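Each remark here refers to the structure printed beneath this line.
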Amino acid sequence: MEATVPTTTPQLIAEETFLIPNLAPAEPGAYVPVSSLLIRGEEPVIVDTSAPIFRERWKEAVFSLVDPADVKWIFLSHDDGDHTGALHEVLVACPSATLVSSFFAALTTAPPTKWTNCPATSTTRPSGCSTA
C-alpha cells in the first residue's frame, strides 16, 4: 500500500510573505520539504519555482495569492531542479517579471526569449547577452 503524501497549503510567515510548501516522499513515512516563497507588496517577488513534480499544484497555490500580471521579480536562489521546476511557465505567465539570478543560473535555466541584447535568432547565449 502506497502512502499518501500530506497536502500542503501556502502559509503566511510574515506580512505579505508566504511560504509555498510541498513535500516530496523520501523513505517510508518521511518527506523532504521543497519550498519557495511569495513576497507580495508593491513589487511582488517569487523566490524559486519549486520542483517539476509539483509544477501545477505550485502554480495554482502561487497564483491564488498574486495575479501573474502583477509579479515584478522572479528570484532563483540557484539552478537546482527543485528550485526551477516551473520557471519557464512562470516567465510566460508573468510578462512584467524580471528574472534575478546568478549569471550561471540564468545561462542554464532562462529560455532564449528572456535574454536581452542578443540577436533574435540566438539559441545559445552569444557574448554580451544578459537576462531580462
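Considered as a group, the residues in the range 32-44 that are surrounded by 20 or more Cβ atoms within 10 Å (Cβ to Cβ) and not in a loop (DSSP other than H, G, I, E, B) include one that is modelled with the lowest pLDDT, and that residue is 36.
Across the range 45-101, the qualifying residues are those that are assigned to a loop (DSSP other than H, G, I, E, B) and of a type in the set (Val, Ile, Thr), and the one among them that is modelled with the lowest pLDDT is 49.
In the range 29-49, is there at least one residue being touching a Gly at 6+ places or on another chain (Cβ under 6 Å) and of a type outside the set (A, V, I, L, M)? The answer is yes, given that some residue of the range 29-49 is touching a Gly at 6+ places or on another chain (Cβ under 6 Å) and of a type outside the set (A, V, I, L, M).
Residue 53 falls short on exactly one of the conditions (1) closer than 17 Å to residue 68 by Cα; (2) surrounded by fewer than 17 Cβ atoms within 10 Å (Cβ to Cβ), and that condition is (1). Residues of the range 1-31 that are in a strand (DSSP E or B) and either at pLDDT 85 or above or in contact with a helix residue (DSSP H, G or I) (Cβ under 6 Å, 6 or more places away or on another chain) (or both): 11, 12, 13, 14, 17, 18, 19, 20, 23, 31.
The values are calculated or read from the model by the stated rules, or taken from the named source; none is laboratory data. The model shown is predicted, which means the values in this text are computed figures rather than measured ones. For neighbour counting, all protein chains shown are included, and Cβ atoms are generated from backbone atoms with ideal geometry for every residue, glycine included.
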